[in-house]
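Notes for the one structure printed next.
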Amino acid sequence: AKAKAKAWLDVALLHYPNESAVWFLSARYNFLNSDETAESRRELVKRDLYRVIELEGPLAFNGPAQRKRRYEAAKDFQGTARVDLEALWLDAFREVKDGGKPITLAGK
């Protein structure tokens with residue numbers, strides 16, 4: 001099931017990179033993915049959540065619609081993992097509000 005979820009996410013990220021729900025589901029996958037180190041998972045989750053925040057930005061013309069679609073896509077995910085991921089989203093939102101920039105692949 002994990003391989004199928006990853007394959008779906010890869011296709012979704014390729015074809016719908018401007019949908020916050022896709023990035024939130026990617027954050028969810030990376031949050032629960034045990035194949036990565038804890039530090040690597042945190043960085044992937046943070047990257048995905050920063051993208052969610054960027055796409056749902058308060059000045060974005062379709063931000064509210066994006067948020068609604070994201071909540072609809074994630075409504076079936078419940079429990080501790082969802083609460084923990086929502087807490088990480090809130091931390092990322094605060095970082096962005098304080099001037100944090102998205103993670104990039106640029107060299108050091």
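Find the accessible area per residue for the stretch 40-95; the probe is 1.4 Å, ligands and nucleic acids are left out, and the unit is Å².
62 Å²
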At a 1.4 Å probe radius, carbon and sulfur cover how many percent of the accessible area of the chain? 59 percent
Using a/c under 1.5 as the rounded threshold, could you call the stretch 26-87 rounded, prolate or oblate? The axes a ≥ b ≥ c are square roots of the C-alpha gyration tensor eigenvalues, and prolate needs a/b larger than b/c, oblate otherwise. oblate
For W23, W8, what's the largest-to-smallest order of accessible area, 1.4 Å probe? W8, W23
By the Cα gyration tensor axes a ≥ b ≥ c (a/c under 1.5 gives rounded; else a/b larger than b/c gives prolate, otherwise oblate), the shape of the chain is rounded
Report, in cubic angstrom per residue, the convex hull volume of the C-alpha atoms of the stretch 1-57. 62 Å³
If R0 is 30 Å, what FRET efficiency do you get for L90 and K2 from their C-beta distance, rounded to 0.05? 0.70
I want to check a number: in the chain, how many lysine pairs have alpha carbons closer than 27 Å, given a sequence separation of 8 or more or different chains? 19
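Using helices alone, what [θ] at 222 nm do you get for the chain, with -39,500 (n - 2.57) per DSSP H run of 4 or more residues, divided over all residues and rounded to the nearest 500?
That comes out to -22500 deg cm²/dmol.
The values are calculated or read from the model by the stated rules, or taken from the named source; none is laboratory data. These figures come from a predicted structure and were not determined experimentally. No Cβ is skipped: glycine too gets one built from the backbone with ideal geometry, and neighbour counts run over all protein chains shown. In case anyone asks, the SASA skips ligands and DNA or RNA and just uses the protein heavy atoms, side chains included. Shrake-Rupley method; radii C 1.70, N 1.55, O 1.52, S 1.80 Å.
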